[in-house]
Amino acid sequence: MTDDGSATHNGNGRLLLAVEATPARMDAALRDAWAGGPAVLPLDPRLPPRARGGLVADLKPGAIVKPGGLVGLPGGQPVPDDTVVVVPTSGSTGKPKGVMLSRSALEASVTLGLEATGSDPDVPWLCCLPTSHVAGVLVLLRAIVTGTPAVLHDDFDVDAIRGIDGPVHLAVVPTMLRRLLDAGVDPDGWGTVLVGGARLTDGLVERVPGLTTTYGSSETSGGCVYDGVPLPGVDVGTTDDGRLTIGGPTVMTGYRTTTPEVGQGLVDGRFVTSDVGEVDDDGRVTVMWRADDVIVTGGEKVVAASVASLLEQHPAIAEAEVVGVPDAEWGQRAVAVVVPDQVGAVLSLAILRSFVAERMPRYAAPRDLVVVNALPRLPSGKVDRLALQRAVATEAG
């Protein structure tokens with residue numbers, strides 16, 4: 001930084017600036033970064049102070065935005081000059097990582113996505129996703145690229161969205177979409193609707209005209225596969241053990257490190273996901289389950305996501321997840337965590353075991369049932385797998 005507090009570049013890299021990720025602040029910071037200013041490290045305002053301090057200590061920004069201006073931080077490390085944003089991963093399965101995304105990767109993600117959906121550039125995008133995560137960042141960047149300002153909401157609010165005057169494009173997670181539809185919000189006023197970040201429950205696709213499912217991650221600059229088809233230039237393959245790998249123009253530079261090397265987390269320039277899937281001869285991608293989502297019970301492998309998806313077809317269940325817990329006899333046992341479709345719905349372990357066993361091998365039927373009012377979620381809308389595991393372990397005793 002200069003004496004007046006402004007950011008500068010030098011031959012060693014670009015300043016990384018920590019910003020509290022409210023939509024308005026992130027919009028301003030990203031516009032500055034897009035024009036060549038400091039790269040942005042978004043800090044989720046909902047993080048408790050200890051977690052925020054740990055993130056700053058791990059990712060080492062050179063400065064932070066305070067009410068009085070920029071404040072330099074000791075031990076800050078630069079990022080590569082082409083970096084626009086360093087996005088912390090969701091932390092759904094462990095400690096968050098910092099994903100370095102370049103302008104070229106982000107621009108490819110935005111422009112290719114807009115072309116794939118044919119989105120009207122004069123219709124604004126609604127920003128109701130956390131801007132501390134890549135999906136929210138992309139909403140703001142679509143506004144920058146198209147020149148049409150986004151409609152900024154500080155959080156997701158059904159009534160606020162219902163009250164929007166005029167058409168908007170939406171990017172949401174399945175839970176948000178379901179809540180909007182269940183509240184009677186008319187989807188006819190929506191333009192493009194992008195849905196990703198979690199498993200899409202049956203029936204939602206048919207209820208929304210213009211809906212596009214997306215698949216991707218922070219490491220791929222967000223969704224890079226639309227309705228099963230990779231965006232132009234994006235190459236999806238598989239490893240020998242069935243994990244999806246992604247290469248192409250939207251892939252990250254690497255994970256944030258305190259050393260000048262880039263490419264950490266990539267194999268031959270490709271991101272190796274934690275998802276098991278298939279790519280057919282026409283290049284269409286099918287995501288099947290997470291590689292760490294397999295429960296081995298009594299020597300049999302149970303894919304938790306497949307059982308959860310089946311449970312959500314039961315008329316009394318709105319949402320479901322399945323997790324494995326240690327078991328002295330079986331090695332692991334599958335536990336179903338379900339949200340009833342309505343208050344007072346009759347649910348029992350016997351009913352659900354019978355429902356699953358009629359459609360899958362009996363060993364896949366859950367051995368325990370936990371009924372909750374809502375699944376624990378991260379700010380991004382993804383299920384918080386660690387919190388779910390802890391809750392189930394406590395319930396199981």
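In segment 246-268, what residues are open to solvent by less than 50 Å² (accessible area, probe 1.4 Å) and either within 30 Å of residue 331 (Cβ to Cβ) or assigned to a loop (DSSP other than H, G, I, E, B) (or both)?
Of all residues in segment 246-268, those open to solvent by less than 50 Å² (accessible area, probe 1.4 Å) come to 246-248, 250-257, 263, 265-266.
Selection gives 248, 250, 251, 252, 253, 256, 257, 263, 265.
Looking only at residues in segment 117-135 that are part of a loop (DSSP other than H, G, I, E, B) and among the β-branched types (Val, Ile, Thr), which one is modelled with the lowest pLDDT?
We begin by selecting, within segment 117-135, every residue part of a loop (DSSP other than H, G, I, E, B); these are 118-124, 128-133.
Filter once more, keeping what is among the β-branched types (Val, Ile, Thr): 123, 131.
Values: 123: 97, 131: 94.
It comes out as 131.
For the subset of segment 95-130 comprising residues that are under 19 Å from residue 167 (Cβ atoms) and hydroxyl-bearing (Ser, Thr, Tyr), which member is least open to solvent (accessible area, probe 1.4 Å)?
Result: 119.
Hey, does segment 76-83 have a residue that's among the small types (Gly, Ala, Ser), assigned to a loop (DSSP other than H, G, I, E, B), at pLDDT below 90 and over 23 Å from residue 24 (Cβ atoms)?
From segment 76-83, those among the small types (Gly, Ala, Ser) are 76; that's our starting set.
After this cut, where a residue has to be assigned to a loop (DSSP other than H, G, I, E, B) as well, the list is 76.
Within this subset, residues satisfying the condition of being at pLDDT below 90 are none.
The answer is no; no qualifying residue exists.
Report, by residue number, each residue of segment 131-157 that is hydrophobic (A, V, I, L, M, F, W, C) and either surrounded by 24 or more Cβ atoms within 10 Å (Cβ to Cβ) or within 18 Å of the chain's Cα centre (by Cα) (or both).
Applying the first criterion (hydrophobic (A, V, I, L, M, F, W, C)) to segment 131-157 yields 134-135, 137-141, 143-145, 150-152, 156.
Once the filter is applied, which keeps residues that are hydrophobic (A, V, I, L, M, F, W, C) and either surrounded by 24 or more Cβ atoms within 10 Å (Cβ to Cβ) or within 18 Å of the chain's Cα centre (by Cα) (or both), segment 131-157 yields 134, 135, 137, 138, 139, 140, 141, 156.
Out of all the residues in segment 206-220, which are closer than 12 Å to residue 190 by Cβ and open to solvent by 40 Å² or more (accessible area, probe 1.4 Å)? Before the answer, list the steps.
To start, the set of residues in segment 206-220 that are closer than 12 Å to residue 190 by Cβ comprises 207-212.
Correct list: 207, 209, 210.
What's the number of the only condition in (1) modelled with pLDDT under 90; (2) part of a strand (DSSP E or B) that residue 292 fails to meet?
(2)
Looking at (1) free of Cβ contacts under 8 Å to residues at least 24 places away in the same chain; (2) in a strand (DSSP E or B); (3) not polar (S, T, N, Q), find the lone condition where residue 287 falls short.
(1)
Can you tell me how many residues in segment 307-341 are of a type in the set (Asp, Glu) and under 19 Å from residue 362 (Cα atoms)? Explain how you work it out, then say what you get.
To start, the set of residues in segment 307-341 that are of a type in the set (Asp, Glu) comprises 312, 319, 321, 327, 329, 341.
Cutting the leftovers down to under 19 Å from residue 362 (Cα atoms) gives us 312, 321, 327, 329.
Total meeting the criteria: 4.
Counting just the residues of segment 13-52 that are surrounded by fewer than 18 Cβ atoms within 10 Å (Cβ to Cβ) and among the basic types (Lys, Arg), which one comes out farthest from residue 89 (Cα to Cα)?
Checked segment 13-52; the qualifying residue farthest from residue 89 (Cα to Cα) is 31.
Looking at segment 224-231, can you tell me whether even one residue there is more than 15 Å from residue 277 (Cα to Cα), open to solvent by 10 Å² or more (accessible area, probe 1.4 Å), touching a residue at least 12 places away in the same chain (Cβ under 8 Å) and among the small types (Gly, Ala, Ser)?
No, segment 224-231 contains no residue that is more than 15 Å from residue 277 (Cα to Cα), open to solvent by 10 Å² or more (accessible area, probe 1.4 Å), touching a residue at least 12 places away in the same chain (Cβ under 8 Å) and among the small types (Gly, Ala, Ser).
The values are calculated or read from the model by the stated rules, or taken from the named source; none is laboratory data. Model, not experiment: these values are computed from the prediction. Positions of Cβ are backbone-derived with ideal geometry, glycine not excepted, and every protein chain shown enters the neighbour counts. The protein model used for the area step is the full one, side chains on, heavy atoms only, and it has no ligands, DNA or RNA in it. Shrake-Rupley method; radii C 1.70, N 1.55, O 1.52, S 1.80 Å.
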